[in-house]
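Asker: What follows is a single structure, and I will ask about it in a moment.
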Amino acid sequence: MIKNLATMNKTALSNISGDQKTIFVTTLEQIPAWQQELSNAIRSVDALCDRLGLQEILSDNLGCHAENSDNDQLLSAAIKQFPVLVPESFLKRMTPAEPNDPLLLQILPTSQEVNKVPGYTQDPVKDSQASFAPGILQKYQGRALMITLGQCAVHCRYCFRRNYPYQQSPKSLEQWEPSLNKLREDSRIEEIILSGGDPLILNDHRLEQLIQQLESIDHIKRIRVHSRLPIVLPSRVTEGLLKLFQESRLQPIFVIHANHPNEIVDDCAEALRRIVRAGIPVLNQAVLLKGINDTTETQEKLCRRLINLGVMPYYLHQLDRVEGAAHFEVDVATGKKIIDELKQKLPGYAVPKYVREIPGEAGKTELQSQAGS
Ligand SMILES: *Cc1c(COP(=O)(O)O)cnc(C)c1O
Ligand code: SF4
């Protein structure tokens, strides 16, 4: 229905009379293209395999064809808990019938997820011990992180918050009130990080309300947005969205999340350029992932694509040891070697900091490169 409305042209609309027309026009206005794309996103392994021509190739390894082994049942349970989710724009950047596509590997559930590996836990970064107020985490001085909502536009299989109890976060602005009041009382907090989930899933109206609330707290100077939407759903980067941040008293900083150079093409590259041209600083964080971006060549290409668009590589994260993600881990020695080699090939500003999150530390812990130790 929505799709039909969106493709309906003006002539068609003018043939509809009176009240009916008003209803159609407002419906069109209320559902932005990015929300339509999100609601049409792929949400099952079967649909994903069909779309990419992978049914035959992958049937042994995952739930393309549900079989009855114990492993398949465990996998089905895992997928149910953290379902497949991937929008068309991100899919378009994958190579069809290529089971090792680096973008596909980030979102494809596999039977390896159900392996129990010692040291891999539900809450590896101890978010549960960093609660400042409901929906707000504080681990580091001067900045606090708001879990704005649990939804994302993509489900990354290595996500360290895949088990986060999002239902405990406030929902409406009224529910946020007590937590915002706690922020109001703590003048040491200068920067708010909107996180989640993905904060840009909020529509412009709700974002505007949230920004206004934060603007009303004098000691807050900066608003940071941690979002993967510019990468996986670039149509979210509208003029209206950028305007919200350009016009705010708060200094905006966007931190995006791209792991592989193949992500930074076409509509995604254009969206990043739009954010940068709007005068908003944009930084990238990546996660070091086995078989996806664990070579110097791939990291170099990623960094070059980013800086050519004016996006600064910020962090390269060592994987957080969340249950189900062990097969993505790269050893630290490899990570250090990659960083050392990047330092020889790229301008200083283009080399990300290689970090790991250690619960209880005052900030992310930098993994010193061999050259410096
Ligand atoms: C990573 C993180 C931050 C941001 O740290 P920066 O080093 O400033 O990027 C803030 N709060 C929490 C809870 C974090 O995990
Ligand atoms: S976009 Fe970020 S929060 Fe969402 S699933 Fe991916 S890594 Fe996790």
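The values are calculated or read from the model by the stated rules, or taken from the named source; none is laboratory data. The structure presented is a predicted model; accordingly, all values stated were derived computationally and were not measured. Glycine also receives a Cβ, built like all others from the backbone with ideal geometry; neighbour counts cover every protein chain displayed.
Asker: Which of the numbered conditions does His226 fail, given that it passes all the others? Conditions: (1) within 23 Å of Ala350 (Cα to Cα); (2) surrounded by fewer than 17 Cβ atoms within 10 Å (Cβ to Cβ).
Answerer: Only one criterion in (1) within 23 Å of Ala350 (Cα to Cα); (2) surrounded by fewer than 17 Cβ atoms within 10 Å (Cβ to Cβ) is unmet by His226, namely (2).
Residues are listed down the side, and each one gets a yes or a no for (1) of a type in the set (A, V, I, L, M); (2) closer than 28 Å to Thr95 by Cβ:
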| site | (1), (2) |
| --- | --- |
| Thr295 | no, yes |
| Met312 | yes, no |
| Glu329 | no, yes |
| Lys343 | no, no |
| Pro359 | no, no |
| Leu367 | yes, no |
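Asker: Looking at the range 210-233, which of its residues are assigned to a strand (DSSP E or B) and within 16 Å of ligand 2 (Cβ to nearest atom)?
Answerer: Taking the range 210-233 first, the residues assigned to a strand (DSSP E or B) are 222-226.
Those that are assigned to a strand (DSSP E or B) and within 16 Å of ligand 2 (Cβ to nearest atom): Arg224, Val225, His226.
Asker: If you go through the range 261-300, how many residues are in a loop (DSSP other than H, G, I, E, B) and either surrounded by 22 or more Cβ atoms within 10 Å (Cβ to Cβ) or on the phi > 0 side of the Ramachandran plot (or both)?
Answerer: Quick first cut of the range 261-300, residues in a loop (DSSP other than H, G, I, E, B) only: 264-265, 278-281, 288-295.
When the remaining residues are screened for being either surrounded by 22 or more Cβ atoms within 10 Å (Cβ to Cβ) or on the phi > 0 side of the Ramachandran plot (or both), the result is 264, 279, 288-289, 291-293.
Within the range 261-300, residues that are in a loop (DSSP other than H, G, I, E, B) and either surrounded by 22 or more Cβ atoms within 10 Å (Cβ to Cβ) or on the phi > 0 side of the Ramachandran plot (or both) number 7.
Asker: Does the range 314-354 hold any residues that are closer than 17 Å to Asp127 by Cα and part of a strand (DSSP E or B), and which are they?
Answerer: His317, Val322
Asker: Being within 19 Å of Glu88 (Cβ to Cβ), charged (D, E, K, R) and at pLDDT 95 or above narrows it down to one of Arg224, Arg236, so name that one.
Answerer: Values: Arg224 fails: within 19 Å of Glu88 (Cβ to Cβ).
Going through Arg224, Arg236 in turn, the sole match is Arg236.
Asker: So Gln151 passes all but one of these: (1) part of a helix (DSSP H, G or I); (2) within 14 Å of the chain's Cα centre (by Cα). Which condition number does it fail?
Answerer: Only one criterion in (1) part of a helix (DSSP H, G or I); (2) within 14 Å of the chain's Cα centre (by Cα) is unmet by Gln151, namely (1).
Asker: Would you confirm, using the coordinates I've provided, whether Leu233 is buried (at least 22 other Cβ atoms within 10 Å of the Cβ) and either without any contact (Cβ under 8 Å) to a residue 40 or more places away in the chain or within 13 Å of ligand 1 (Cβ to nearest atom) (or both)?
Answerer: Details: buried (at least 22 other Cβ atoms within 10 Å of the Cβ): yes; either without any contact (Cβ under 8 Å) to a residue 40 or more places away in the chain or within 13 Å of ligand 1 (Cβ to nearest atom) (or both): no.
Answer is no for this residue.
Asker: If you check every pair at least six apart or on different chains, which have Cβ atoms under 7 Å apart with a residue in the range 286-305 that is under 14 Å from Thr334 (Cα atoms) and touching a residue at least 24 places away in the same chain (Cβ under 8 Å) first and a residue that is acidic (Asp, Glu) and within 16 Å of ligand 2 (Cβ to nearest atom) second?
Answerer: Close Cβ pairs (under 7 Å, with a partner that is acidic (Asp, Glu) and within 16 Å of ligand 2 (Cβ to nearest atom)) amount to Lys290/Glu329.
Asker: Return the residue satisfying two criteria in turn: it lies in the range 112-144 and is free of Cβ contacts under 8 Å to residues at least 60 places away in the same chain and among the hydroxyl-bearing types (Ser, Thr, Tyr), and of such residues it is farthest from Ile192 (Cα to Cα).
Answerer: Across the range 112-144, the extreme among qualifying residues is Ser128.
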